[in-house]
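Worksheet: the structure to be examined is printed underneath.
The values are calculated or read from the model by the stated rules, or taken from the named source; none is laboratory data. These figures come from a predicted structure and were not determined experimentally. Ideal geometry is used to build each Cβ from the backbone, glycine not excepted, and the neighbour counts take in all protein chains shown.
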Amino acid sequence: MDSENNQNQLDAAKEAFSRREQKNREAAARRRKKTLKKAVVWAVLILAIFLVVFISSKNETTQEPTNSAEQFFAAQNRDHIKVGESHPAYNSDPPTGGWHYDQPVQSGIYDKEFPDEQLIHNLEHGHVWISYRADLDQESIEKLADIAKDFGSKIVMTLRSKNDTKIALASWEYLLKMDTVDEAATNEFIKDHRGRGPENIVDFGFKDFRTTK
């Protein structure tokens, strides 16, 4: 009888030990699974951060224009200079960034010229500068003026005799040139770049300042 009891106790002890071992194995498996999940989460997070940094750096270096006719010119700097102060040549014509005066031009439509250095300050504020030569026909000028009025704020339209094409649209670092008014391309350029300068200052007071219309 004692022998049978001892055997039963031994079997019970073995079973209890087996259950504890099973629980320990299950707990260890859960810990490994939890650790693996954490490792996967961290790996995904690190990969996501890497991709964001990589894409951002790629965009900063390539800056592909959205319109195939556009040109990209990296801003040479954002330095302020005194009126009339000399500076190195700009890397685009009209300029799309670089040395500029302290005072921008009031947004609106003009039938006169302003110094490039003054208009660049507008570009820094996220404006789009529509410039045209004096030999552009009046009908085309009015088409551009109508587009400028449709957008209003952050648009400045001026004469510019130095243009090598009859029309040029400039924003911070981007340029679109044409000899005839392409309304679709003009609207697309403005939508893509207006309000995207390095300093997006609130703009108000847009109006048609032309002396003859």
Kindly evaluate residue 48 against the criterion of being modelled with pLDDT of 55 or more and under 29 Å from residue 180 (Cβ atoms).
no
Boolean, residue 168 is without any contact (Cβ under 8 Å) to a residue 60 or more places away in the chain, within 28 Å of residue 81 (Cβ to Cβ), in contact with a Ser or Thr (Cβ under 8 Å, 6 or more places away or on another chain) and among the small types (Gly, Ala, Ser)
no
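For the condition in the same structural domain as residue 122 (by TED's automatic domain parsing), in contact with a helix residue (DSSP H, G or I) (Cβ under 6 Å, 6 or more places away or on another chain) and of a type outside the set (Phe, Trp, Tyr), what is the one hit in 197, 152?
Numbers: 152 fails: in contact with a helix residue (DSSP H, G or I) (Cβ under 6 Å, 6 or more places away or on another chain).
Testing whether each residue is in the same structural domain as residue 122 (by TED's automatic domain parsing), in contact with a helix residue (DSSP H, G or I) (Cβ under 6 Å, 6 or more places away or on another chain) and of a type outside the set (Phe, Trp, Tyr) leaves just 197.
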Are any of the residues in the range 74-96 within 30 Å of residue 145 (Cα to Cα), surrounded by 12 or more Cβ atoms within 10 Å (Cβ to Cβ) and either among the aliphatic types (A, V, I, L, M) or modelled with pLDDT under 80 (or both)?
yes
The conditions are (1) at pLDDT below 55; (2) of a type in the set (Phe, Trp, Tyr); (3) within 20 Å of residue 176 (Cα to Cα), and residue 54 fails exactly one of them. Which is it?
(3)
